[in-house]
Amino acid sequence: MPKSLEIATPRKQQFAALCYRVTAKGKLRVLLITSRGIGRWIVPKGWPMQGRTAWETARAEAWEEAGVRGSIASASVGRYFYEKWRPDDAPVPCQVDVFPLEVTDLEDNFPEVGQRQRKWFSLEEAANLVMEPELAEILTSFNPKMLNSAAN
């Protein structure tokens, strides 16, 4: 079928946590994790969960994928797009709404321990490591001082 006649595949919704902390020296750091497939640097994210809000889902994914505990904002700081690749299947176009999560605790025992690496980066370092341009823009423009006090 000619490309101009193809029907656009609808995007699947996901929710992500932008896990951050401010160090004792006042430096802002964000936590990235590796994907389970090719090991690229990403933020914790996942599919909607029945009975949970978008930000509650993002917080749950941060725990499952990175062992993060903390306070998450109920307002998204942006959206990015990517294609989720699956073995022996067509890529799934996804849109991801990102919710900032201030990390208060980073636990060593969590559901996906051993499946991923996790590491703290500056905003600029993190933006240079992620593959999605919109996520890089969210990272470089992130400022927790601009968040509403509506954290959960």
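Where a number appears in this text, it was derived from the coordinates with a stated rule and is not lab data. Remember, it's a predicted structure, so these values are computed and weren't measured experimentally. As a convention, Cβ positions derive from the backbone with ideal geometry for all residues, glycine included, and neighbour counts pool all protein chains shown.
With just the Cα atoms of segment 65-152, tell me how far they stretch along each of the three principal axes, in Å, largest first.
44, 31, 24
Considering Cα pairs under 8 angstrom that are at least six residues apart, work out the relative contact order of segment 31-152 and quote it in whole percent.
Relative contact order for segment 31-152 comes out at 30 percent.
Would you mind checking LYS84/LYS119; LYS45/LYS119; LYS27/LYS84 for any pair whose Cα atoms are more than 27 angstrom apart?
Violating the 27 Å limit, Cα to Cα: LYS27/LYS84.
Any number yet on Rg/Rh for the chain, C-alpha, Kirkwood?
0.99
How big is segment 19-91 on each of its three principal axes, counting only the C-alpha atoms and giving the largest first in Å?
So the extents along the principal axes, rounded to whole Å, are 47, 30, 22.
What are the GluC sites (Glu not before Pro) within segment 71-150 that DSSP puts in a loop, where the Cβ has at most 16 other Cβ atoms within 10 Å?
In loop regions of segment 71-150 (DSSP not H, G, I, E or B), the sparsely surrounded GluC sites (Glu not before Pro) are GLU107, GLU112.
Would you look at the GNM of the chain, springs on alpha carbons closer than 10 Å, and say which of GLN14, GLN117, GLN50 moves the most?
Among GLN14, GLN117, GLN50, the largest mean-square fluctuation in the Gaussian network model of the chain belongs to GLN50.
Check each of the trypsin sites (Lys or Arg not before Pro) in segment 17-96 and keep only those in coil by DSSP with at most 16 other C-beta atoms within 10 angstrom; list them in order.
Within segment 17-96, the qualifying trypsin sites (Lys or Arg not before Pro) (loop, at most 16 other Cβ atoms within 10 Å) are LYS25, LYS27, ARG36, ARG40, ARG52.
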